[in-house]
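The values are calculated or read from the model by the stated rules, or taken from the named source; none is laboratory data. Everything numeric here is computed off the predicted structure, so don't read it as measured data. Virtual Cβ from ideal backbone geometry, glycine too; neighbours counted across all protein chains shown. Only protein heavy atoms, including side chains, enter the accessible area calculation; ligands, DNA and RNA are left aside. Shrake-Rupley method; radii C 1.70, N 1.55, O 1.52, S 1.80 Å.
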Amino acid sequence: PLSSHILLWRVLSDLEKIGCGDLSDLSPNDVARSIMTHFIATPPDGDAPLFAYATDGAGKHHFYHDANDVPLALMPAWHFCPANDPVWRATMDFAFSPANVGGFYDGSLGSVHTPAPWALGDIQEWIFARAIGDEVREQAVLSRLQHASQWDGALPEAYEAGTGAVVSRHWFLWTNAFYACVKRGIFDVKP
């Protein structure tokens, strides 16, 4: 899966920065090259190359994006690619569209294992909107998050788009922690 590779790249990059260990067997540049070589492809019914959700490394690709796969949204903030990278932009546009079969529900990013909008998917879209400077989109996402927040302010894992009722897990810890990080600007794209 792409997200695992992005996380590996990030960890190796951080280890390299602090001079921790011998990275001669596998460097962050090796992982980045592998991502760019094996994960970029054009879907059979698409017209632009995307980062695939998963690949077998031999030419087969699965095109999907899930609310749990946060590393894709963080690629520009982590300096893997700029926010105007055409493959990243096309992948994010795909993620938040009906073309993302199994991952897009009622106007929001969700997950095939809990088919409904996810607050975590909305937070990914919030990161995306901030990265590309789309204030209208950002406000729409914040409205959805407010709609999904529960009586105690907590964000659920998944919610019903029309009513905001909890579909899965009233209090989903990492969604709430992730919200706080984005609110504080921790994942803003910086030069």
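Within segment 36-57, the set of residues being in contact with a Gly (Cβ under 6 Å, 6 or more places away or on another chain) and open to solvent by less than 40 Å² (accessible area, probe 1.4 Å) is empty.
Looking only at residues of segment 1-45 that are without any contact (Cβ under 8 Å) to a residue 40 or more places away in the chain and of a type in the set (Lys, Arg), we find that the one that is nearest to Thr55 (Cα to Cα) is Arg33.
How about segment 58-67: which of its residues are open to solvent by 40 Å² or more (accessible area, probe 1.4 Å) and either within 16 Å of Val182 (Cβ to Cβ) or at pLDDT below 95 (or both)? Selection gives Ala58, Gly59. Annotation: Ala67 fulfils all but one of (1) under 23 Å from Asp14 (Cα atoms); (2) in a loop (DSSP other than H, G, I, E, B); (3) touching a Ser or Thr at 6+ places or on another chain (Cβ under 6 Å); the unmet one is (1). Segment 80-188 holds helices (runs of 4 or more DSSP H) entirely within its bounds, and those carrying 1 or more residues that are of a type outside the set (A, V, I, L, M), within 24 Å of Leu50 (Cα to Cα) and open to solvent by less than 40 Å² (accessible area, probe 1.4 Å) map to 86-95, 119-132, 135-148. Going residue by residue through segment 60-82, is there one that turns out to be of a type in the set (Gly, Ala, Ser) and over 21 Å from Thr175 (Cα atoms)? Looking through segment 60-82, none of the residues is of a type in the set (Gly, Ala, Ser) and over 21 Å from Thr175 (Cα atoms). Remark: pairs (first residue in segment 164-190, farther than 23 Å from Ala116 by Cβ; second residue open to solvent by less than 30 Å² (accessible area, probe 1.4 Å) and not in a helix (DSSP H, G or I); Cβ separation under 9 Å; 6+ apart in sequence or on different chains) = Ile186/Ala77; Phe187/Ala77; Asp188/Ala77; Val189/Pro76; Val189/Ala77; Val189/Ala83; Lys190/Ala77. Answer yes or no: is there a residue in segment 18-33 that is under 25 Å from Pro117 (Cβ atoms) and either among the hydrophobic types (A, V, I, L, M, F, W, C) or touching a strand residue (DSSP E or B) at 6+ places or on another chain (Cβ under 6 Å) (or both). Checked segment 18-33: no residue is under 25 Å from Pro117 (Cβ atoms) and either among the hydrophobic types (A, V, I, L, M, F, W, C) or touching a strand residue (DSSP E or B) at 6+ places or on another chain (Cβ under 6 Å) (or both). Checking each residue in segment 5-35 for being open to solvent by 50 Å² or more (accessible area, probe 1.4 Å) and in a helix (DSSP H, G or I) picks out His5, Leu7, Leu8, Arg10, Val11, Asp14, Leu15, Glu16, Lys17, Asn29, Asp30, Arg33.
For Glu138, the conditions (1) closer than 17 Å to Ala158 by Cβ; (2) without any contact (Cβ under 8 Å) to a residue 24 or more places away in the chain are fulfilled apart from (1).
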